[in-house]
1. Quickly run through the stretch 37-51 and pick out the residues that are more than 11 Å from S89 (Cα to Cα) and surrounded by 16 or more Cβ atoms within 10 Å (Cβ to Cβ).
2. Here are K281, K311: which of them is more than 20 Å from the chain's Cα centre (by Cα), at pLDDT 95 or above and of a type in the set (K, R)?
3. Kindly check whether there is at least one residue in the stretch 211-224 that is part of a helix (DSSP H, G or I), touching a residue at least 60 places away in the same chain (Cβ under 8 Å), surrounded by fewer than 20 Cβ atoms within 10 Å (Cβ to Cβ) and under 21 Å from the mean Cα position of the chain (by Cα).
4. Just give me the residues in the stretch 132-159 being assigned to a loop (DSSP other than H, G, I, E, B), crowded, with 20+ Cβ neighbours inside 10 Å and free of Cβ contacts under 8 Å to residues at least 40 places away in the same chain, in sequence order.
5. Looking at the stretch 75-123 only, could you name the residues that are touching a residue at least 12 places away in the same chain (Cβ under 8 Å), part of a helix (DSSP H, G or I) and among the β-branched types (V, I, T)?
6. Of the residues L250, L278, L282, only one is of a type in the set (A, V, I, L, M), in a loop (DSSP other than H, G, I, E, B) and more than 23 Å from I44 (Cβ to Cβ); which?
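The values are calculated or read from the model by the stated rules, or taken from the named source; none is laboratory data. This is a predicted model, so every value here is computed, not measured. Note that each Cβ is placed from the backbone with ideal geometry, even for glycine, and that neighbours are counted across all protein chains shown.
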Amino acid sequence: MTTKSKKNKLDKMSADTSSCAICNCKGNYKILLHSTLRDDYSDINMENFSARRLPDRVHGTIVRCVKCNLVRTLEVVNPIFLSLLYRRSDFTYKDILENLTRTYMSVIFKAVKYLEKKKSFLEIGCGNGFLFKDVVSLGFKNVVGVEPSINAISFAEEHIRPLIKNTVLKDNIFPPASFDMLAGFQVFDHIQNPNKFLSVCYDILKTGGILVLMNHNVNSFSAKILKGKSPIYDIEHPYLYGVDTMRSILIKNGFDVVNSYNPGSYFSLRYIARLFPLPKKLKMDIINSRCKFLDITVKTHPGNLCLIARKVNKKST
């Protein structure tokens, strides 16, 4: 390996000290997929840390814990470099916000039924705050978000921009017991330290408050059929969850899971083509086609999961 390659490796990757976030074991795992990363990690860049990009099949070594079934990647992106990637990432999904709003609001509408009060709401990874107006319409008075991408926030409407903190969720950015509801859409499987993330969520939720998380389901039918070609196997995902492992890690961190289900998603036919492992030329022809038929929106179940959990007495980990 050249001196430059060694420097890239040190800059982009942390030492492999990863352990299972649920049972804490390190070596007791089964390899599901071998790494596709280059030796110098030059394929890790801002493009593959921008949300809703074209799947590029860049991922580390994917393993499943033999003890608790949690799926994780052994290679870990350096947290400092990771923060820079998300901060500089592009807002690449502004053309599909209408369908994302329909999808995510259907989840929020189901979750608010478990709330006694609807005063304060925080979206984790809120993009340009495209959900805020609809969330306010449900009765929430205080609606805010956190978003690491500077570019995403720049696309927020002027009156929404001050409501978004340009950061990731971490300690001390909100007082304890600030919110009745927290929501994270396609965020949780991006988190390198999910126990710390859930600890912060627990602290800033009010007693009886609701946490709703929607993310990829590693045990879904689509993941099983597509296997290594599934877009969920990605360098952005240090962990991948099924319903069982999501339940386990939420319970470990003091939450009571009140509902878990397979949420529907609204996609255009054009966008569905983006997700499938089609030949590159065919995929780009479909994406760039002027055919209006491809813009028809359908409701589908692409392989996600949603868990709604309530803050209860915290259990020791």
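1. Applying the first criterion (more than 11 Å from S89 (Cα to Cα)) to the stretch 37-51 yields 37-44.
Passing the criteria: L37, D40, Y41, I44.
2. On the way: K281 fails: at pLDDT 95 or above.
That would be K311, the only listed residue that is more than 20 Å from the chain's Cα centre (by Cα), at pLDDT 95 or above and of a type in the set (K, R).
3. So far as the stretch 211-224 goes, yes, one or more of its residues are part of a helix (DSSP H, G or I), touching a residue at least 60 places away in the same chain (Cβ under 8 Å), surrounded by fewer than 20 Cβ atoms within 10 Å (Cβ to Cβ) and under 21 Å from the mean Cα position of the chain (by Cα).
4. Of everything in the stretch 132-159, those that are assigned to a loop (DSSP other than H, G, I, E, B), crowded, with 20+ Cβ neighbours inside 10 Å and free of Cβ contacts under 8 Å to residues at least 40 places away in the same chain turn out to be E147, A156.
5. The answer is I96, T101, T103, V107, I108, V112.
6. Step by step, each of L250, L278, L282 is checked, and only L278 is of a type in the set (A, V, I, L, M), in a loop (DSSP other than H, G, I, E, B) and more than 23 Å from I44 (Cβ to Cβ).
Listed here are the residues, each with its yes/no results for (1) surrounded by 14 or more Cβ atoms within 10 Å (Cβ to Cβ); (2) touching a residue at least 60 places away in the same chain (Cβ under 8 Å); (3) touching a Pro at 6+ places or on another chain (Cβ under 8 Å).
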residue: F267; (1), (2), (3): yes, yes, yes
residue: F276; (1), (2), (3): yes, no, no
residue: K283; (1), (2), (3): yes, yes, no
residue: S289; (1), (2), (3): no, no, no
residue: D295; (1), (2), (3): no, no, no
residue: P302; (1), (2), (3): yes, yes, no
residue: I308; (1), (2), (3): yes, yes, no
